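**Q** Before I ask anything, here is the structure I am working with.
The values are calculated or read from the model by the stated rules, or taken from the named source; none is laboratory data. Computed from a prediction, not measured in an experiment: that's the story for all the values here. Please note: Cβ atoms are built from the backbone with ideal geometry, for glycine as well, and neighbour counts cover all protein chains shown.
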Amino acid sequence: MKEISFDQYAPQVIQTLPKGAFLTVSHGGRDNVMTIGWGTVGVIWGQPIFSVLVRPSRFTYGLLEASGEFTVSVPRTDMAKALAVCGSKSGRDFDKFAAAGLEKLPGVKVAAPMVAGAGLHYECKVVFKQPMNPEPLESGLKDAFYGNGDFHTLYFGHILATWQE
């Protein structure tokens, strides 16, 4: 792997995210991977930041809360089948890496692994988190995305390293 600037592929990341990327976490000997379709890459507080959203009902949430770090692996090739598995099953019940046929790359700066073969990886340390306050959210968005009241927590991860396979 080769270390690159966090913003080298930012436009491609923004275009790819709605199709899916892999968010991975690790804590207490448990690794988990989930599919994300929302997030941002940018600069906040003078630092490169990857922001992600995770619902408290997700298994990933507890691991992320405990570890305070994560990786995002952005596919540069077709990984739709693996993204579908990781977005439809819970890591509470089984190993999603194995179920999706994914191999792990060890984290360099964080304990969370990266998804081998994705091509682009961000290693992040949480520097701020905030549960969503539903009050100021536009009612149309509440209705469309939070009908069950399971609002996300927003995590802002300082990008410690960006890797290209």
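**Q** When both residues are 6+ apart or on different chains and their Cβ atoms are under 8 Å apart, which pairs have a first residue that lies in region 151-162 and is touching a residue at least 40 places away in the same chain (Cβ under 8 Å) and of a type in the set (Val, Ile, Thr), and a second that is surrounded by fewer than 18 Cβ atoms within 10 Å (Cβ to Cβ) and part of a loop (DSSP other than H, G, I, E, B)?
**A** From region 151-162, the pairs are THR153/ARG55; THR153/PRO56; THR153/MET132; THR162/SER5; THR162/GLN8.
**Q** Mind checking which residues of region 16-38 are free of Cβ contacts under 8 Å to residues at least 24 places away in the same chain, part of a loop (DSSP other than H, G, I, E, B) and either of a type in the set (D, E, K, R) or farther than 16 Å from TYR155 by Cα (or both)?
**A** GLY29
**Q** Right, next: If you go through region 124-144 one residue at a time, how many are closer than 24 Å to VAL25 by Cα and surrounded by 12 or more Cβ atoms within 10 Å (Cβ to Cβ)?
**A** Looking only at that region, the number is 7.
**Q** Going through VAL108, VAL115 one at a time, which residue ends up being of a type in the set (A, V, I, L, M) and surrounded by fewer than 17 Cβ atoms within 10 Å (Cβ to Cβ)?
**A** Details: VAL115 fails: surrounded by fewer than 17 Cβ atoms within 10 Å (Cβ to Cβ).
Just a single option satisfies the conditions, and that option is VAL108.
**Q** Applying the selection to region 89-106, what residues are closer than 17 Å to SER73 by Cα, touching a helix residue (DSSP H, G or I) at 6+ places or on another chain (Cβ under 9 Å) and among the aliphatic types (A, V, I, L, M)? Lay out the reasoning, then the answer.
**A** So in region 89-106, the residues closer than 17 Å to SER73 by Cα come out as 96-98, 100-106.
Filter once more, so that each one left must be touching a helix residue (DSSP H, G or I) at 6+ places or on another chain (Cβ under 9 Å): 96-97, 100-104.
Hits for region 89-106 are ALA100, LEU102.
**Q** When only residues in region 134-163 that are aromatic (Phe, Trp, Tyr) and assigned to a loop (DSSP other than H, G, I, E, B) count, which is farthest from TYR9 (Cα to Cα)?
**A** TYR146
**Q** When you go through VAL41, VAL13 one by one, which is the residue that is touching a residue at least 60 places away in the same chain (Cβ under 8 Å), surrounded by 15 or more Cβ atoms within 10 Å (Cβ to Cβ), of a type in the set (A, V, I, L, M) and assigned to a strand (DSSP E or B)?
**A** Just a single option satisfies the conditions, and that option is VAL41.
**Q** May I ask you to say which residue of ARG30, ARG58, ARG92 is modelled with pLDDT under 95 and either surrounded by 18 or more Cβ atoms within 10 Å (Cβ to Cβ) or within 12 Å of the chain's Cα centre (by Cα) (or both)?
**A** ARG58
**Q** ALA82 is checked against (1) part of a strand (DSSP E or B); (2) in contact with a Gly (Cβ under 9 Å, 6 or more places away or on another chain) and fails just one. What number does that condition carry?
**A** Here ALA82 meets the rest and fails (1).
**Q** Would you mind telling me which numbered condition in (1) modelled with pLDDT of 95 or more; (2) touching a strand residue (DSSP E or B) at 6+ places or on another chain (Cβ under 8 Å); (3) not hydrophobic (A, V, I, L, M, F, W, C) GLY46 fails?
**A** (2)
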